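Take a look at the structure below.
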Amino acid sequence: MAHHNDFGKIAEDMAADYLQKNGYKILVRNFRFQKAEIDIIAEKDNLIIVVEVKARSTDFFILPQEAVTKTKIKSIVSAANHYLEEFNKENEVRFDIISVLPDENKNLIIDHIKDAFQAFDAN
């Protein structure tokens, strides 16, 4: 596996641990629908939380959350809709981004951006 894949897996594991420690119940990881993938689907306070994890080894070029494009939002929303139908969920959905970046000491820092985008942002 390439180094960036290892780093992405580490970031997703960190994000899942962070969510669980903050009272979220992880429902599924790496949910796939067609070509789309949702990194983490969680539940808290009767909300379904769809989480896109973005990790970068540096913020030199672009912040991780800036990498969530309109095209990516469309695919996430499509996969989320499929998940809701497949598992007969009628909960309200919130779309979050968790970014993982190293600080100046190379420690990985989590930034949880709640309600990062809306389903209508996909239009």
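When the trypsin sites (Lys or Arg not before Pro) in the stretch 8-79 are filtered for DSSP coil states and for at most 15 other beta-carbon atoms within 10 Å of their beta-carbon, the remaining sites are K35. By the helix-only formula, in which each DSSP H run with n ≥ 4 contributes -39500 (n - 2.57) and the sum is divided by residues, the chain has a 222 nm mean residue ellipticity of -10000 deg cm²/dmol. Among F87, F95, F31, the largest mean-square fluctuation in a Gaussian network model of the chain, built with springs joining Cα atoms closer than 10 Å, belongs to F87.
Filter the GluC sites (Glu not before Pro) in the stretch 20-123 to those in DSSP coil with at most 13 other Cβ atoms within 10 Å of their Cβ, and list the result. If you can, show how the numbers build up before the last one.
Values: sites: E37, E43, E52, E66, E85, E86, E90, E92, E104; in loops: E90, E104.
Answer by residue number: E90, E104.
Dipole magnitude for the chain: about 240 debye, using +1 per Lys or Arg Cβ and -1 per Asp or Glu Cβ, origin at the Cα centre. What whole number of Å gives the distance from the Cα centroid of the stretch 84-101 to the Cα centroid of the stretch 25-44? Result: 7 Å between the Cα centres. Taking every DSSP beta bridge that has both ends in the chain, the antiparallel portion is near 70%. With the simple spin-label model, which puts each label point 7 Å out from Cα in the Cβ direction, the I110 to K70 separation comes to 3.2 nm.
Taking 0.36 nm per residue of sequence separation and subtracting the Cα-Cα distance, how much length would be gained by fully extending the chain between D13 and A36, in nm to one decimal? It would help to have the intermediate numbers written out before the result.
Details: separation 23, 0.36 × 23 = 8.28 nm, distance 1.94 nm.
Result: 6.3 nm gained on full extension.
Rounded to the nearest 10 degrees, the angle from helix 3-21 to the longest Cα principal axis of the chain is 60 degrees. Looking at the square roots a ≥ b ≥ c of the eigenvalues of the Cα gyration tensor of the stretch 1-50, which shape do they give, rounded for a/c under 1.5, prolate if a/b is larger than b/c, or oblate? Oblate, since a/c reaches 1.5 and b/c is not below a/b. Kirkwood analysis of the chain, using all unique Cα-Cα pairs, places the hydrodynamic radius at 14.8 Å. Expressed as a whole percent, the accessible surface of the chain that belongs to carbon and sulfur atoms is 48, based on a 1.4 Å probe. Relative to the longest principal axis of the Cα atoms of the chain, helix 70-86 runs at roughly 50 degrees. Loop-resident trypsin sites (Lys or Arg not before Pro) (DSSP state other than H, G, I, E or B) in the stretch 82-123 with no more than 11 further Cβ atoms inside 10 Å of their Cβ: K106.
The values are calculated or read from the model by the stated rules, or taken from the named source; none is laboratory data. Since this is a predicted model, take the numbers as computed values, not measurements. Cβ sites come from the backbone with ideal geometry, for glycine too, and all protein chains shown count toward neighbours. Heavy atoms of the whole protein, side chains included, go into the accessibility calculation; ligands, DNA and RNA do not. Shrake-Rupley method; radii C 1.70, N 1.55, O 1.52, S 1.80 Å.
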